[in-house]
Amino acid sequence: MTALTAPLAPPQAIDLFERTRARTDALAAPLSPEDTMLQSMEDASPVKWHLAHTTWFFEEFILKPRLPGYTSPDDRFAFLFNSYYTQAGPRHARDKRGLVSRPGGDAVRSYRAHVEDSLATLLNAGRDDGDDIAALVELGCHHEMQHQELLVTDLLHGLSFNPLLPTYKDPAPLPVTTEVSQTFTRHAGGLVEIGHDGPGFAYDCEGPRHKTYLAPFEIADRTVTNRDWIAFMQDGGYDDARHWLMEGHAFAQREGWEHPLYWWQQDGVWWTFTLRGPQPVARDAPVVHVSYYEADAFARWAGARLPTEAEHETAFRDTPIAGNLMGDAGAIGALRPLPGAGVWGDVWEWTASDFAPYPGFRAPEGALGEYNGKFMVNQRVLRGGSCATPRKQMRATYRTFFYPHQRWQMMGLRLARDAA
Ligand code: AVJ
Ligand code: FE
């Protein structure tokens, strides 16, 4: 984070801050107060909580330590809106966030405005520590962008429990397409370098940049599609334990998984619930809402495997960042994967890699050192970003991470193979 980041000039920090805050507001604008309170599971938070937590982050890590005389509109907000930073003090239970009806939406909006005004004062003051503050603001904005992604995916999960299947954004079926071929590109491997080394923002866990050895490999030029996934389902893939890790198969059986999250069948047609409402499954769009367990089983069934994160980064590091990502305020984007996917956007791709520290990684001192480092156990890395990832935070070294059973994020996969 700060240690790896070339400082952003203060005027650019103000611009990034304003754009980021505006995008969050735009995402929340179509929602009713009732919508913003939904919490469907512990992993998912209410929209109102996301609005407040991202605001608390700027308050806790920038305004309180840096703006003399700063006062919070309510000192109890720190307890309500601290997510997991033990060094920032005690916090409310994660699974009870949906039971907090007060402060209401108006109070959270004025909390946002209060913090925005105070931060503008600080950034415009032309202080000696301006570069330092700008770097923290940049981190706060990237943090808020991560929460923009969580906001829409948590909302989708919450809305999916409503039998009326409400629509977040204007519904429209995707065009009918014909099968897209899948080709594999060979890479020689050898000693490669991965990880961030600047310039530009990256999270602490993206460094240090380091060398790693890759055997020759092949990686697919597209992600796995719904058409591919239906073939796996029709071949009895979910039930055939030969394809699965034991833990994954046990989990899938216990949960009764027979298809990706949000799918159902109606008169022989597969439907899925999306941020654009209920929609027929688009055959050639990337499959989305599958767990690591399912992705891993699919890959084995297909005679392939998942790529490692080093393979993914090596294969795509020179591919320019463009694709179906979340846009700026006013043009949020499709918010669902589209046929004809490139590497960036659409769906996050499960990799075979553990979310582990790169050689030489040490989490920074203090509460912000808790941002990523303490999550480095039992999670898997995903690469490539999704239709819910803001374009501004996408880069080839970006690693996100989730537990192998989770599937409510925009998660899919791409195949890889060992090369001769
Ligand atoms: C990287 C997406 C797993 O959801 O906790 C949000 C992002 N970090 N606030 C998460 C994050 C701090 C993080 N993931
Ligand atoms: Fe957070």
Check: Going by how many other beta carbons lie within 10 Å of each one, how would you line up 34, 309, fewest first?
Finding: 34, 309
Note to self: Below 22 Å, Cα to Cα, which lysines can residue 96 reach? Residues fewer than 8 away in the same chain don't count.
What the structure shows: 48
Item checked: Gaussian network model of the chain, springs between alpha carbon atoms under 10 Å - residue of 102, 21, 300 with greatest fluctuation -> 102
Note to self: So for the stretch 10-159, averaging the separation of alpha carbon pairs under 8 Å that are six or more residues apart and normalising by length, what relative contact order in percent results?
What the structure shows: 41
Notebook entry, point to check: Which value, in debye to the nearest 20, describes the size of the charge dipole of the chain about its Cα centre when Lys and Arg Cβ atoms bear +1, Asp and Glu Cβ atoms bear -1, and nothing else is charged?
Noted result: 120
Check: Top mean-square fluctuation among 145, 376, 394, Gaussian network model of the chain, C-alpha springs under 10 Å?
Finding: 376
Next item on the list: Consider a paramagnetic label point 7 Å from the Cα of residue 74 along Cα→Cβ; state which residues of the stretch 134-173 have an amide N under 12 Å from it.
Entry: none
Notebook entry, point to check: How many angstrom lie between the C-alpha centres of the stretch 177-250 and the stretch 85-154?
Noted result: 34
Next item on the list: Multiply the residue gap between residue 18 and residue 110 by 0.36 nm, knock off their C-alpha separation, and tell me the result in nm, one decimal place.
Entry: 31.5 nm
Check: If you keep only loop residues by DSSP, which chymotrypsin sites (Phe, Trp or Tyr not before Pro) in the stretch 30-135 have at most 13 other Cβ atoms within 10 Å of their Cβ?
Finding: 84
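Here, each number is a calculation from the coordinates, and none is a lab measurement. Here the structure is a predicted model, which is why all the values come from computation and not from measurement. Positions of Cβ are generated from backbone atoms using ideal geometry, with glycine treated the same way; all protein chains shown enter the neighbour counts.
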